[in-house]
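Below is one structure, written out as structure tokens, with a few remarks after it.
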Amino acid sequence: MSEFFNPEMEALSRSEIEVLQLERLKKTVNHCQDSAFYKKRFESIGMKPSDIKCLDDLRKIPFTTKQDLRDTYPFGIASVPLKDCIRLHSSSGTTGNPTVILHTKQDIDQWANAVARCLWMVGCRPEDVFQNTSGYGMFTGGLGFQYGAEKLGMLTVPAAAGNTLRQLKFFTDFGTTVVHAIPSYAARIYEVMLEKGIDPRRDTKLRTLVIGAEPHSEDTRKRIEEMLGVKAYNSFGMSEMCGPGVAFECKEQNGLHIWEDYYIVEIVNPDTLEPVPDGEIGELVLTTLNREAMPLLRYRTRDLTRILPGSCPCGREHKRLDRMKGRSDDMIILKGVNIFPIQIEAILMQFQELASDYLITLETIDGNDDMLVEVEMSDIFIDDYSKLQRLEKEITRQLHDEILITPKVRLLPKGSIPKSEGKAVRVKDLRKQY
Ligand code: ADP
Ligand code: ZN
């Protein structure tokens, strides 16, 4: 069997990718004339689809923002009549009002193909049993993975979110080999396994884990792999770009290949909106290349990442994104310093004494803004108070080296931090606004 799911697309060389992209970009811009939103936009800047003659001409097109999606809610950007659409999804609304994305039958099929391609890339085959612990419904991680896993031909278990005991029963009863879970839930699965005396290596056939939907550090991945005895692959997607299947790690686990027959990738400086060179962090901007219902041109994702320079030993020449640093709106500004929660997580996860759940609280005490980092302890039992104090001090020191401010660190017993149903909430901002 081929190592590629779509050899004709996955094995394209850089120059072939670019030829295909230009052809698809022209088609997409033409198709956008049928969108009331884009038609007006093109008119306002005097742009015609024939102005796109090379890939660099993409930069003549204005960015599309989340606000544009909200302003045209629910169907104002569509490029096809509603009667041609068969489904809509909406974002989970983590950062405000939800946005709606429409799909034609072909969009759904293309999306399933992208997800199948990703799963195949990490070694999933029709013999596998795939269990999806994502919420089904408007959240795209449910149906998105469902259709992709079916397209690949795996036996799928649409377990949906929550009810961890039932998830564990399915693992053992159905011989689940591949699981899709958000990283915070993967850690939860392991906790419940421990409570129930289940050894994932001995009692399950789990082999591959797909983790995504929320930022996580390399150490978090390593932890999850060790806990569950699996290989864990990073999966990136967002509702605006269909959902999962946008970019995915290959077996090298070094960057996420973004499918360039589906998307044109740009990384721009979020302030100047000018492109940054490969290797530099900026905001990810995506243009869809094969969408019917709702193509998006130069969509500002607000996710911060960089393109990894160099080629990947797996042979795919589709560009690789580094793991996400977070969204521009996740950035904490404290005492004038810019901090991403993931920087804090990366330090915490290096301590074996700590479990995976943590909460960053920003608060104003006596007129000063401060940060409190609460983190749950792992099962490594520390009976000596002075040892605990030393540990807290060491964590504080390492955090200070990373983020340049000194947070208060509080170690908590397991289970103290409230768990959320979907994506983990890592930051609480209780600062007084003056
Ligand atoms: P919402 O925007 O409401 O959270 P989505 O479900 O569309 O709704 O979430 C997409 C967002 O989730 C992405 O823009 C990104 O910020 C985050 N995300 C998705 N996958 C990953 C990943 N592998 N690593 C880090 N962040 C991710
Ligand atoms: Zn690769």
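The chain: D in µm²/s via Stokes-Einstein (Kirkwood Rh, Cα pairs, 10 °C, 1.306 mPa s)? After rounding, the answer is 69 µm²/s. By the combined test of axial Cα extent (at least 20 Å) and Kyte-Doolittle hydropathy (mean at least -0.5), the qualifying DSSP H helices of the chain come to 105-121.
From its DSSP helices (H runs of at least four residues, each -39,500 (n - 2.57)), the chain gives a residue-normalised ellipticity at 222 nm of -9500 deg cm²/dmol.
Taking all protein chains into account, the per residue accessible area for the chain stands at 44 Å² (1.4 Å probe).
Using only the Cα atoms of region 165-252, build the gyration tensor, take square roots of its eigenvalues as a ≥ b ≥ c, and label the shape rounded, prolate or oblate: rounded if a/c is under 1.5, else prolate if a/b is larger than b/c, else oblate.
Details: a/c = 1.94, a/b = 1.71, b/c = 1.13.
Judged from the Cα gyration tensor, region 165-252 comes out prolate (a/c at least 1.5, a/b above b/c).
Kindly state, as a whole number, the per residue volume in cubic angstrom of the convex hull around the alpha carbon atoms of region 305-434.
Values: hull volume 21.7 nm³, N = 130.
Per-residue hull volume (Cα only) is 167 Å³.
Measuring against 30 Å, Cα to Cα, the residue pairs Lys169/Lys387; Lys40/Lys428; Lys205/Lys419 contain Lys169/Lys387; Lys40/Lys428 as the ones spanning a longer distance. Taking all protein chains as present, what is the carbon and sulfur share of the accessible area of the chain, in % to the nearest whole number, probe 1.4 Å? Its accessible area is 51 percent carbon and sulfur atoms.
By its C-alpha gyration tensor, with a ≥ b ≥ c as the square roots of the eigenvalues, how is region 96-197 shaped: rounded for a/c under 1.5, else prolate for a/b larger than b/c, else oblate? Oblate shape, in that a/c is at least 1.5 and b/c is the bigger or equal ratio.
The values are calculated or read from the model by the stated rules, or taken from the named source; none is laboratory data. What you are looking at is a predicted structure, and each value in this text was computed from that prediction instead of being measured. In case anyone asks, the SASA skips ligands and DNA or RNA and just uses the protein heavy atoms, side chains included. Shrake-Rupley method; radii C 1.70, N 1.55, O 1.52, S 1.80 Å.
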